[in-house]
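These notes are about the structure you will find just below.
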Amino acid sequence: MTQLILEQALNGLQFGLMLFLLAAGLTLVFGIMDCINLAHGSLYMVGAYFVAAAAQAADSFWIGLGAGVAGAAVLGLLLELSLFRQLYQRDHLSQVLATFALILIANEAVRMIWGPAPLMLNPPEALSGPVELPLFGDTFFYPAYRLVIIAFGLGVGGLLYLLVARSRVGMWVRAGAANREMTEALGINVRALFTAVFVFGAALCALAGGLLGPLLAVQVGMGESILILAFVVIIIGGIGSIRGALVGALIVGTVDTLGRALLPTLLRAALPADAASTLGPALASILIYLLMAAILFFKPQGLFPARA
Amino acid sequence: MADPLLDVRQLSRRFAAVDALKAVNFSVNAGEVHALIGPNGAGKTTFIHHVSGALQPDSGSVHLAGRDVTRLPMHARVRAGMARSYQITNVFPGLSALDNVALAVQGRADAGSSFRFWRPVRTETALFDEAAGHLEQVGLSTQKASLAGNLSHGEQRALELAMALATKPQLLLLDEPMAGTGPEESARMVELIEHLARHITILLVEHDMAAVFRLADRISVLVNGELVCTGTPEEVKSDAGVRRAYLGDHL
Amino acid sequence: MAFYQAASWQKPALITFGIALLAMPAVLTSFDQAFYIGFATRVLIFALAASSLNLVLGFGGMVSLGHAAFLGAGAYAAAICQQAGINEALIAFPAAMAAAGLLALLVGAISLRTRGVYFIMITLAFAQMAYYLFVSARAWGGDDGLPLNGRMQFAGIPMSDDQTLYFVAFSAFTAAMLLFGRLADARFGRTLQAIRENETRMAALGYPVFRYRLLAFVLGGAFAGLAGALLANLTGLASPNLLQWTQSGTLLVMVIIGGVGYLYGGVVGAVVLLLLEESLVGVTEHWHIILGLLLLAIVLFAPKGVAALFRKRHG
Ligand SMILES: Nc1ncnc2c1ncn2[C@@H]1O[C@H](COP(=O)(O)OP(=O)(O)OP(=O)(O)O)[C@@H](O)[C@H]1O
Ligand SMILES: [Mg+2]
């Protein structure tokens, strides 16, 4: 049991960190530009495809990851310059329509280029086995690759957090999220700043997509379900707040993973068997949404509102 | 003495680094015109926002006719008898002047529920008749059909007032009704307020000192979020603190 | 904005249109094209669903990205009614509306406390929650959905015949549009539209803004539920796919291309989109890419917001 919990907690941490990579870019886009981007999940999907394709071509996961992330950044840049710049001043409805259109285009384009079947992305050879971890004097096996993802997530997440929370550029970004007009009035080029944030967000998407690729299938439509999870993260954390995105992502990642793994068992202990087996999966799958509703009820602005 | 109609006690509000209101005590007696004056940025509009319920205070209370309304949302305070006009004109520019006021009439509890789904409003003549009356009262009877957005600035100020009147308030909160109007329109507005004051209690925020001294029964002076003095126009004029802090150059 | 008002040509146009719709099944049958009656029914149902969203979005100004949840809830409610032995649409359809309306009440009560981007994301998230709920509900078929055991009956008349179902859908659609049309012009509709334009001002006039918004949201949800119950009868299945968020997006697209805030915007959008789909699907399996490019073009070439395109035309 302890083994299971520990394993699931690590899985939850890993998933949460990947969600953070997705939500970080998104929350800043929403916060600074008050712009809704439904196509963020498409960047994640396209990023994963780039990584998988590049990894196949180069026969190396790491080269694939680097190339895929770079490719997604370039795509992000093109999108920002050609489309999103025009969307910022528009109403939310236009933003929803345009980015919904982007999803349709992205999904169909991927299907046309790579076909409808999922793409295989193998983890690096050296990391494909489990590693032995000490556990209260005992030992415990955990996939090496997942550990690497956690390390990556912690590294990139920490760097990002420092960048936004401590650096000068980060200060501008936070200021932009809290009060855009004022930041502009102070002479910060919010437009260039935003291009940078958007491109950075696209790269993070591809990074998450590439890292998760070997665990989940790289396939059409993979971006949408995770996009909605990223939304839940942002809603919980508060729009425009990096700290909120981090906390929200960890909450959603662990609650979702642990809920799915443990809730059915827990319910079986408390309820009659058939009630537990109907209720368990249903409850586990909506747990984070219930959590979101509860948080919203008490804090309609999320846990860490960027605009006081 | 009878309880004041509006009684604000120890009202405080802080925005990030600014103490916008510092433990303000302020009351308006039934039947009077109480003017609130003070330099730009003193916190007058912020005060009105807190009285009307648009903002919530950090501490302190607002009582209307003896009832604690501090936690009531804005719409409930309107229903309790308090109406406001905005410093920055706030009307529905795409609607006719008459429609603007009819909307205000319709919002009143005694005008019937607005949860009505079938009868076209067009046929509710009582609504529009009353609205026309309010427009006439503020001198806009020739502009009924004009879009509010096409009215002159002064006419929009008058429309704003007609909308507030249409809610049939006991207490009228006027935030700089003369702001940005020409001398003629100003004079008309002063006359109008003087007329209204006969049966409505008014809290008037205004920079036009001539108007204030002509209309007000009492004047309070707000400086940097602090109420420095309250009294009759004569008392305020001669208050040394006020002269120093605010009126010094004007008188 | 001005308050919505029916154009003077609208009434005669609608009567003509209504007569054409009434005659359509007979005409299609006589030309041996009875196959299209099912398609026409589908268009009517989506016109109803999109119009219910238009009430929320166009008249209430609430950009809800979770409307499909109510469509799906209605479909499931109908199927569950049948499972419970209620095969009469006159009972099952109101039950579907009530179920969807109740779901809308819950979602609305929480999400209407927020605004803007937040509201969009939250409605989307709640719809997704409903989706997962139905997918994991094994008693209701889980992933596969809950099939109907044949179509229900309406006032004792079985709807198994395509024409009968068509006329039931037509009646539901007509009744809903009549209600929406009256409502837009009545006190409630005016209040709603004024709140859309300036909610603070309305609160300052004494209107309890939240309640009006919530009621509009619930009404929209209930009529989406009616559409869902009809759809379940048409396809013979209450499928979780109905609740998928792309379905919400599609309804939104219908309203936007038809004209936000125009009473018949949802109808026009449903007709255009479904016809487009029907004709493009035959040409290329990748028709989504064409649709996507078309939508992008609409956004980019209507710089004042999509609805402005239509505003201009109507003067
Ligand atoms: N929402 C807010 N957030 C932060 N500070 C605010 C906010 N609203 C007002 N302030 C500050 O509070 C102070 C009082 O502003 P207020 O608008 O109430 O002044 P006022 O007396 O109405 O001035 P004026 O005569 O120019 O209308 C100002 O320093 C203003 O900058
Ligand atoms: Mg002011």
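The values are calculated or read from the model by the stated rules, or taken from the named source; none is laboratory data. The model shown is predicted, which means the values in this text are computed figures rather than measured ones. All Cβ positions, even for glycine, are placed from backbone atoms using ideal geometry, and neighbour counts span all protein chains on display.
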Of the numbered conditions (1) small (Gly, Ala, Ser); (2) at the interface with another protein chain (Cβ under 7 Å from one of its Cβ atoms); (3) under 19 Å from the mean Cα position of the chain (by Cα), B:Gly94 fails exactly one; give the number of that condition. (3)
Return the pair list, or none, for Cβ contacts closer than 6 Å from residues in region B:35-63 that are within 14 Å of chain C (Cβ to nearest Cβ) to residues that are within 13 Å of ligand 2 (Cβ to nearest atom) and not aliphatic (A, V, I, L, M), at least 6 apart or on different chains. B:Thr45/B:Gln87; B:Thr45/B:Asp175; B:Ile48/B:Asp175; B:Ser52/B:Arg84; B:Leu55/B:His49
Just one of (1) hydroxyl-bearing (Ser, Thr, Tyr); (2) touching a Lys or Arg at 6+ places or on another chain (Cβ under 6 Å); (3) more than 16 Å from ligand 2 (Cβ to nearest atom) trips up B:Ser52, so point out which. (3)
Is it fair to say B:Leu6 is more than 16 Å from ligand 2 (Cβ to nearest atom), under 23 Å from B:Glu194 (Cα atoms) and either assigned by TED's automatic domain parsing to the domain that holds B:His75 or surrounded by 15 or more Cβ atoms within 10 Å (Cβ to Cβ) (or both)? yes
Would you mention how many residues in region B:202-225 are in contact with a His (Cβ under 8 Å, 6 or more places away or on another chain) and of a type outside the set (Lys, Arg)? 8
Could you tell me which numbered condition C:Gly108 fails, if it satisfies all but one of (1) more than 30 Å from C:Ala6 (Cα to Cα); (2) more than 8 Å from every other protein chain (Cβ to nearest Cβ); (3) among the small types (Gly, Ala, Ser)? (1)
Note on B:Gln87: of the conditions (1) within 16 Å of ligand 1 (Cβ to nearest atom); (2) of a type outside the set (Phe, Trp, Tyr); (3) in the same structural domain as B:Ala210 (by TED's automatic domain parsing); (4) in contact with a strand residue (DSSP E or B) (Cβ under 7 Å, 6 or more places away or on another chain), unmet is (3)
Among the residues listed as B:Ser59, B:Ser12, B:Ser85, the single one being within 16 Å of ligand 2 (Cβ to nearest atom) and hydroxyl-bearing (Ser, Thr, Tyr): B:Ser85
Residues that are touching a residue at least 40 places away in the same chain (Cβ under 8 Å), more than 14 Å from chain C (Cβ to nearest Cβ) and farther than 14 Å from A:Leu22 by Cβ: list the helices (runs of 4 or more DSSP H) wholly contained in region A:189-275 that include at least 2 such residues. A:190-212, A:242-270
Let me spell it out: the conditions are (1) more than 19 Å from B:Ile202 (Cα to Cα); (2) in contact (Cβ under 8 Å) with a residue 24 or more places away in the chain; (3) within 13 Å of chain C (Cβ to nearest Cβ), and B:Glu124 meets all of them except one. Which number is the exception? (2)
Given the conditions (1) under 22 Å from B:Trp118 (Cβ atoms); (2) more than 8 Å from chain B (Cβ to nearest Cβ), report the number of the one that C:Arg187 does not fulfil. (2)
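Here's the yes/no breakdown for (1) more than 22 Å from C:Asn241 (Cβ to Cβ); (2) surrounded by 23 or more Cβ atoms within 10 Å (Cβ to Cβ); (3) within 20 Å of the chain's Cα centre (by Cα):
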| site | (1), (2), (3) |
| --- | --- |
| C:Tyr131 | no, yes, yes |
| C:Gly141 | no, no, no |
| C:Asp144 | no, no, no |
| C:Gln163 | yes, no, no |
| C:Phe167 | yes, no, yes |
| C:Ser171 | yes, no, yes |
Identify all residues within region A:268-292 that are surrounded by fewer than 19 Cβ atoms within 10 Å (Cβ to Cβ) and hydroxyl-bearing (Ser, Thr, Tyr); write none if there are none. A:Ser277, A:Thr278
Set A:Val169, A:Val164, A:Val131, A:Val173: member being surrounded by 13 or more Cβ atoms within 10 Å (Cβ to Cβ) and in a strand (DSSP E or B): A:Val131
What number of residues within region B:160-182 satisfy the criterion of being more than 16 Å from ligand 2 (Cβ to nearest atom) and at pLDDT below 90? 1
Here's a check for you: in region B:28-52, which residue that is in a loop (DSSP other than H, G, I, E, B) and out of contact with any Ser or Thr (no Cβ under 9 Å at 6 or more places or on another chain) is farthest from ligand 1 (Cβ to nearest atom)? B:Pro39
C:Ala176 being assigned to a helix (DSSP H, G or I), within 14 Å of another protein chain (Cβ to nearest Cβ), within 23 Å of C:Ala95 (Cα to Cα) and touching a His at 6+ places or on another chain (Cβ under 9 Å): no
Considering only residues that are without any contact (Cβ under 8 Å) to a residue 12 or more places away in the chain and either under 21 Å from C:Ala222 (Cβ atoms) or in contact with a Lys or Arg (Cβ under 9 Å, 6 or more places away or on another chain) (or both), which ones fall in region C:130-143? C:Leu133
Answer yes if at least one residue in region B:71-88 is within 7 Å of another protein chain (Cβ to nearest Cβ), among the hydrophobic types (A, V, I, L, M, F, W, C), part of a helix (DSSP H, G or I) and over 15 Å from B:Phe128 (Cβ atoms), and no otherwise. yes
Selection from region B:189-213 of residues part of a helix (DSSP H, G or I) and either touching a Pro at 6+ places or on another chain (Cβ under 9 Å) or surrounded by 18 or more Cβ atoms within 10 Å (Cβ to Cβ) (or both) yields B:Met189, B:Val190, B:Leu192, B:Ile193, B:Leu196, B:Ala211, B:Val212, B:Phe213
First in region A:276-290 and more than 9 Å from chain C (Cβ to nearest Cβ), second anywhere and β-branched (Val, Ile, Thr) and assigned to a helix (DSSP H, G or I), Cβ under 8 Å, 6 or more apart: A:Leu287/A:Val255
Quick check: is even one residue across region A:90-109 more than 8 Å from every other protein chain (Cβ to nearest Cβ), among the polar types (S, T, N, Q) and either assigned to a helix (DSSP H, G or I) or more than 22 Å from the chain's Cα centre (by Cα) (or both)? yes
The condition from (1) under 28 Å from B:Phe213 (Cα atoms); (2) within 15 Å of ligand 2 (Cβ to nearest atom) that B:Leu64 misses is numbered (2)
Among the candidates A:Gly76, A:Gly25, A:Gly71, which residue alone is touching a Gly at 6+ places or on another chain (Cβ under 6 Å) and assigned to a helix (DSSP H, G or I)? A:Gly25
In region C:255-272, residues that are within 11 Å of another protein chain (Cβ to nearest Cβ) and assigned to a helix (DSSP H, G or I) total 3
Residue satisfying all of: in region B:15-27; surrounded by fewer than 15 Cβ atoms within 10 Å (Cβ to Cβ) and more than 9 Å from ligand 1 (Cβ to nearest atom); nearest to the chain's Cα centre (by Cα) among these: B:Asn25
Of the conditions (1) touching a strand residue (DSSP E or B) at 6+ places or on another chain (Cβ under 6 Å); (2) at pLDDT 95 or above; (3) not assigned by TED's automatic domain parsing to the domain that holds B:Pro177, B:Val69 clears all except one; give me its number. (3)
